[in-house]
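Step one of this worksheet: look at the structure below.
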Amino acid sequence: MPSPSSVAAASVGPVTPHLFEPTPARPLRAKHTLHEAHTRVVPHRHPWAQLAWSATGVMRITAGRGTYLVPPSRAVWIPPGIEHAVTVVESAEMRTLYLHQPGGRCGPGKPKAKSRSQVDADWQRCRVLEVSELLRALMLALPHAPDGGMPPSEAELQREKLIAPLLADELRRAAPVPLGVALPDDRRLRTLCETVLDDPTRHVTLSDWVRDVGASERTVARLFREQLGTSFGQWRQQVLLARALTLAARKTPMGEIAAELGYASPSAFSAMVRRTFGAPPSSLFGSARGALVGNALGAKAAASGAT
């Protein structure tokens, strides 16, 4: 099987976002698209907020100064105006949510527990969120017909008005997940980072990686400290954890995950996860395993209801 980096990506533009523009009258809109593996949606931005989620498959979202591998158990929040791109790792059924943001506000729903300014600050940056069973069901149920065609019926609009506030409230309650990989501004370092993201197990040491990009190990190590505030080894560890989450969503046994990521044994991989998160792999990846089955069944039910 060819490595991900050896397969040419087909680039496409953003899929008609203007036909799903959220408004004060319809503040939460949904879009349904199917993408084949290795498709790349070129960088673009919107004046509204977005939640990127795939009911099936895996995608990589690059937004702001981070990149995120997203299986069905996770979603990525993208604030208004943030440039983002999508790379489809595995053929994906995407359910994109667009959210109208009133002036001076950022985020879904109405803040309760903390002050509004603090809640808004939390939502003014990209974040990975855990997708609950309820959030998943609501995203699948929200109508996703585009503008420009036959106007929605009164029943469809009423259904959207009932689902949207509950969906926004459930999204506001979604637990943030400390997974994401920072990306640098320096072009030389960014090229190396994107090469590692495409095929993180091709090499292990920085000296091997720098030979591929024609830079000195000393220069690259310095750039990692200056641009990302971390070492190459620590940064690559985050890449491997993101890849492990994707494998777990496919119900891959933990022993196979450890082997695929280059660990000598499951216990060595488990020790790394414990050092990083203070919890065993079962705690970190358990919800990803269950979500894959739930998403597949939900997508099948939604497809049946549409025919």
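The values are calculated or read from the model by the stated rules, or taken from the named source; none is laboratory data. All values derive from a computational prediction rather than experimental measurement. In this analysis, Cβ positions are derived from the backbone assuming ideal geometry, glycine residues included, and neighbour counts consider all displayed protein chains. Heads up: the accessible areas ignore ligands, DNA and RNA and are worked out on the full protein's heavy atoms, side chains in. Shrake-Rupley method; radii C 1.70, N 1.55, O 1.52, S 1.80 Å.
Assorted remarks:
- Test: residue in the stretch 164-174 that is under 29 Å from Gly109 (Cβ atoms), in a loop (DSSP other than H, G, I, E, B) and open to solvent by less than 50 Å² (accessible area, probe 1.4 Å): yes
- Ser3, sole failed condition from (1) surrounded by fewer than 22 Cβ atoms within 10 Å (Cβ to Cβ); (2) at pLDDT 90 or above: (2)
- Positions within the stretch 44-69 being modelled with pLDDT of 90 or more and not in a strand (DSSP E or B), in sequence order: Arg45, His46, Pro47, Trp48, Trp53
- In the stretch 242-268, the qualifying residues are those that are out of contact with any helix residue (DSSP H, G or I) (no Cβ under 7 Å at 6 or more places or on another chain) and in contact (Cβ under 8 Å) with a residue 24 or more places away in the chain, and the one that is surrounded by the fewest Cβ atoms within 10 Å (Cβ to Cβ) is Gly262.
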